[in-house]
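K.L.:
Mind having a look at this structure? Questions to follow.
The values are calculated or read from the model by the stated rules, or taken from the named source; none is laboratory data. Just so it is clear, the structure is predicted and the values come from calculations on it, not from any experiment. Every residue, glycine as well, gets a Cβ built from its backbone with ideal geometry; the counts of neighbours run over all protein chains shown.
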Amino acid sequence: MLLIFEPVASLDGRIFILTEMRPWLKRTMVAVPFAAIAMDIGSWWFTRYAAGFFAYTVIIGGALMGLSFASLYQMWLYKPKAQV
């Protein structure tokens, strides 16, 4: 699973760097998919030992992964303001 999402996260980050947003936001949004992958897959293993806490971590990691791909809205929905 990690082998599938890591190249996708890399491509997502490279595309997101080209957006018209603040640099600190770009850097954060490039790091989020990799942290989400590590949190999501790592918590699968830890759920065996402490199911209560790490079950929520699986959900949070998956949600972060989904939000990281939603950051590509500029590619489809964003319309730049007309320059005067």
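K.L.:
Is it fair to say Asp12 is part of a helix (DSSP H, G or I), farther than 30 Å from Lys81 by Cβ, of a type in the set (Asp, Glu) and under 15 Å from the mean Cα position of the chain (by Cα)?
P.N.:
no
K.L.:
Quick one: which of Gln83, Gln74 is part of a loop (DSSP other than H, G, I, E, B) and at pLDDT below 80?
P.N.:
The unique qualifying residue is Gln83.
K.L.:
Just wondering, is there one or more residues in the stretch 1-11 that are modelled with pLDDT of 75 or more and of a type in the set (D, E, K, R)?
P.N.:
So far as the stretch 1-11 goes, no, none of its residues is modelled with pLDDT of 75 or more and of a type in the set (D, E, K, R).
K.L.:
Before we move on, is Met21 closer than 30 Å to Lys81 by Cα, among the aliphatic types (A, V, I, L, M) and assigned to a loop (DSSP other than H, G, I, E, B)?
P.N.:
Yes; evaluated as a whole, the condition is true for this residue.
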